[in-house]
Each structure stands twice: as C-alpha cells, then as structure tokens.
Amino acid sequence: MNGPQHFREAERLADMAHHFTYGDGADSVTGAALAAEAQVHATLALAAATALVDETPRSDSHSEYRAWAEVAASDYRAPEPPRVH
C-alpha cells in the first residue's frame, strides 16, 4: 500500500468504527478494534506524506504528489518535473 491508499483505508475504517460504536452496529468492541486499525493506517499515511515534504519533485516522484492531491481532494497542483534536455 502507498500513502494515499493508507489514507483512504484509514477513512474507511474510521467510518466503520463510528458505525459500530455510535450507529446501528451497536458493538463497541468491534468499533474500538476498527478505530485502532484505522489509526495504524492513518499513521502510515502520515509517515508517507512526511517523507515527501523535503523532497524536490522529480519525474519519479511526480505521481506521488498527484496521488496525494487526489486523495486529499485538494486543488494543489504538483510542480511539473524538470525537463531533461
């Protein structure tokens, strides 16, 4: 899994945890387990995003910037990679 995939999975699991804890699921043990799993994915997503902070965009990292912009529903546009002459 890459960072954006971990981000999406964390959101999905957090929604499920909320359903089981507070919604129609009515199973707080399952809700707590799902919340813990969501936290793991959120932490891994954060680690992946943090790794890009100091990175200068290159042709091989450009797709990572685009993937993060998409998953975060951001209007951010990643800088174009440098052109090789």
Please go through segment 2-58 and give me each residue that is touching a helix residue (DSSP H, G or I) at 6+ places or on another chain (Cβ under 7 Å) and part of a loop (DSSP other than H, G, I, E, B), ordered by number. Asn2, Gly25, Asp27, Pro57
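Name every residue in segment 1-45 that is among the small types (Gly, Ala, Ser) and surrounded by 14 or more Cβ atoms within 10 Å (Cβ to Cβ), in order of residue number. Break it down stepwise before answering.
Taking segment 1-45 and keeping what is among the small types (Gly, Ala, Ser), we get 3, 10, 14, 17, 23, 25-26, 28, 31-33, 35-36, 38, 42, 45.
Answer for segment 1-45, where residues must be among the small types (Gly, Ala, Ser) and surrounded by 14 or more Cβ atoms within 10 Å (Cβ to Cβ): Gly3, Ala10, Ala14, Ala17, Gly25, Gly31, Ala33, Ala35, Ala38, Ala42, Ala45.
We did not get these values from a lab; they are worked out from the coordinates using the rules stated. From a predicted model like this one, the values you see are computed outputs, not experimental measurements. Neighbour counts run over all protein chains shown; Cβ positions are idealised from the backbone, glycine included.
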